[in-house]
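Asks: Quick one: the structure is below, and I'll ask about it shortly.
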Amino acid sequence: MRIFHANIGVQASEADELILSDKVKEKLKNGIAGIKNPGEYLSPQRAALHSNKLQKYIIKSSRHGIPALFITEAYNGVDATGTTL
């Protein structure tokens, strides 16, 4: 099972639409174990909305419909904008 960082092409538009690079779409075709920091530079509320849209895409688009884990933890807390470390 693979995990990759969201910075290779997982983004949210200003209107909170999910934007995925072709590289990410290809990686998600067969399912994925997890994605690191999908909402790293978003507010906690926008990050949750973004993660929900991403999870729905992963379930719908992969062969087996298995959800992914989103990893945002660091040694000192959640590694995202607007969170307490």
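The values are calculated or read from the model by the stated rules, or taken from the named source; none is laboratory data. Quantities reported herein were computed from a predicted structural model and do not represent experimental measurements. Cβ sites come from the backbone with ideal geometry, for glycine too, and all protein chains shown count toward neighbours.
Asks: Please specify each residue of the range 34-46 satisfying the condition of being of a type outside the set (Val, Ile, Thr), in contact with a helix residue (DSSP H, G or I) (Cβ under 7 Å, 6 or more places away or on another chain) and within 15 Å of residue 3 (Cβ to Cβ). It would help to see each step written out before you state the result.
Replies: We begin by selecting, within the range 34-46, every residue of a type outside the set (Val, Ile, Thr); these are 34, 36-46.
Among the residues that remain, those that are also in contact with a helix residue (DSSP H, G or I) (Cβ under 7 Å, 6 or more places away or on another chain) are: 36-40, 42.
36, 37, 38, 40 - these are the residues of the range 34-46 that are of a type outside the set (Val, Ile, Thr), in contact with a helix residue (DSSP H, G or I) (Cβ under 7 Å, 6 or more places away or on another chain) and within 15 Å of residue 3 (Cβ to Cβ).
Asks: Does residue 31 qualify as being in contact with a helix residue (DSSP H, G or I) (Cβ under 6 Å, 6 or more places away or on another chain), within 14 Å of residue 4 (Cα to Cα) and surrounded by 14 or more Cβ atoms within 10 Å (Cβ to Cβ)?
Replies: Numbers: in contact with a helix residue (DSSP H, G or I) (Cβ under 6 Å, 6 or more places away or on another chain): no; within 14 Å of residue 4 (Cα to Cα): yes; surrounded by 14 or more Cβ atoms within 10 Å (Cβ to Cβ): yes.
So residue 31 fails the test.
Asks: Moving on. Out of contact with any Cys (no Cβ under 7 Å at 6 or more places or on another chain), modelled with pLDDT of 85 or more, within 18 Å of residue 3 (Cβ to Cβ) and surrounded by fewer than 16 Cβ atoms within 10 Å (Cβ to Cβ): does that describe residue 56?
Replies: Working: out of contact with any Cys (no Cβ under 7 Å at 6 or more places or on another chain): yes; modelled with pLDDT of 85 or more: yes; within 18 Å of residue 3 (Cβ to Cβ): no; surrounded by fewer than 16 Cβ atoms within 10 Å (Cβ to Cβ): yes.
For residue 56, the condition - out of contact with any Cys (no Cβ under 7 Å at 6 or more places or on another chain), modelled with pLDDT of 85 or more, within 18 Å of residue 3 (Cβ to Cβ) and surrounded by fewer than 16 Cβ atoms within 10 Å (Cβ to Cβ) - is not met.
Asks: For the range 6-33, which positions are under 12 Å from residue 53 (Cα atoms) and of a type in the set (A, V, I, L, M, F, W, C)?
Replies: Within the range 6-33, 10, 12, 18, 19, 20 meet the criteria.
Asks: Now, a different point. Would you please name the residue that is modelled with the lowest pLDDT, looking only at residues in the range 9-28 that are among the hydrophobic types (A, V, I, L, M, F, W, C) and surrounded by 12 or more Cβ atoms within 10 Å (Cβ to Cβ)? Don't jump to the end; show me each part of the working.
Replies: In the first step, residues of the range 9-28 are kept if they are among the hydrophobic types (A, V, I, L, M, F, W, C); the result is 10, 12, 15, 18-20, 24, 28.
From the residues that got through so far, the ones that are surrounded by 12 or more Cβ atoms within 10 Å (Cβ to Cβ) too are 10, 12, 18, 20, 24, 28.
Values: 10: 95, 12: 94, 18: 96, 20: 96, 24: 94, 28: 90.
Only one residue fits best here, namely 28.
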